[in-house]
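Asker: Pasting in a structure now, in C-alpha cells, and then I'll have a few things to ask.
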Amino acid sequence: MKTISISKDIIPVGEFKNGLSKWLKAVRQSSHPVVITQNGRPAGVLLSPEEYDNLVYTRHFIESVKRGLQNADAGETFTTRELRRKLSEIRDTGNNEDTLDS
C-alpha cells in the first residue's frame with residue numbers, strides 16, 4: 001500500500017460526498033488510500049479493491065504462519081509420511097479445509 005499524502009489523501013466527508021465518483025476513480029488509478037474525516041477526525045478509509053484484497057490476503061497469510069508456529073511450539077507437528085497421508089486424504093475426499101487437524 002502506498003503512503004498517504006497529508007495534503008492530497010485526507011478529505012472531509014462533505015468534499016468526499018460531493019465528488020464521490022472523482023474519489024473512487026482517483027483511488028483506483030493511484031492505489032493511494034483516502035482518509036475521510038468527519039468533524040476533523042478520521043472517520044473512514046477508502047481503498048481500491050486490489051489494495052483491500054492484498055490486505056486481506058496478507059492478514060490471512062500472517063495468521064496462518066502464526067498458527068503454524070504456535071502448533072510447532074506446542075509439538076503439534078506431522079512427520080513427512082503423516083503429512084502426505086493427510087494431504088492425500090484431503091485430495092481424495094475433496095475436503096478443502098484450512099486445517100489438517102485430526
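The values are calculated or read from the model by the stated rules, or taken from the named source; none is laboratory data. Treat the numbers as computed from the prediction; the structure is a model and nothing was measured. For neighbour counting, all protein chains shown are included, and Cβ atoms are generated from backbone atoms with ideal geometry for every residue, glycine included.
Asker: Of the residues that make up segment 47-66, is at least one within 30 Å of Ala26 (Cα to Cα), surrounded by fewer than 10 Cβ atoms within 10 Å (Cβ to Cβ) and either at pLDDT 90 or above or in contact with a Phe, Trp or Tyr (Cβ under 6 Å, 6 or more places away or on another chain) (or both)?
Answerer: yes
Asker: For segment 1-27, which residues satisfy the criterion of being exposed (fewer than 14 other Cβ atoms within 10 Å of the Cβ), among the charged types (D, E, K, R) and at pLDDT below 90?
Answerer: Lys2, Lys8
Asker: Residues in segment 90-98: is at least one under 30 Å from His32 (Cα atoms) and either without any contact (Cβ under 8 Å) to a residue 60 or more places away in the chain or part of a helix (DSSP H, G or I) (or both)? Please lay out each step first, then the result.
Answerer: Here is the first cut: in segment 90-98, the ones under 30 Å from His32 (Cα atoms) are none.
No, that holds for no residue.
Asker: Confirm whether His32 is modelled with pLDDT of 90 or more, within 20 Å of the chain's Cα centre (by Cα) and of a type outside the set (Gly, Ala, Ser). Even if it seems obvious, please write down each step before you answer.
Answerer: Numbers: modelled with pLDDT of 90 or more: no; within 20 Å of the chain's Cα centre (by Cα): yes; of a type outside the set (Gly, Ala, Ser): yes.
In short, no.
Asker: Any idea which residue in segment 28-46 is surrounded by the most Cβ atoms within 10 Å (Cβ to Cβ), counting only those that are polar (S, T, N, Q) and in contact (Cβ under 8 Å) with a residue 24 or more places away in the chain?
Answerer: That would be Thr37.
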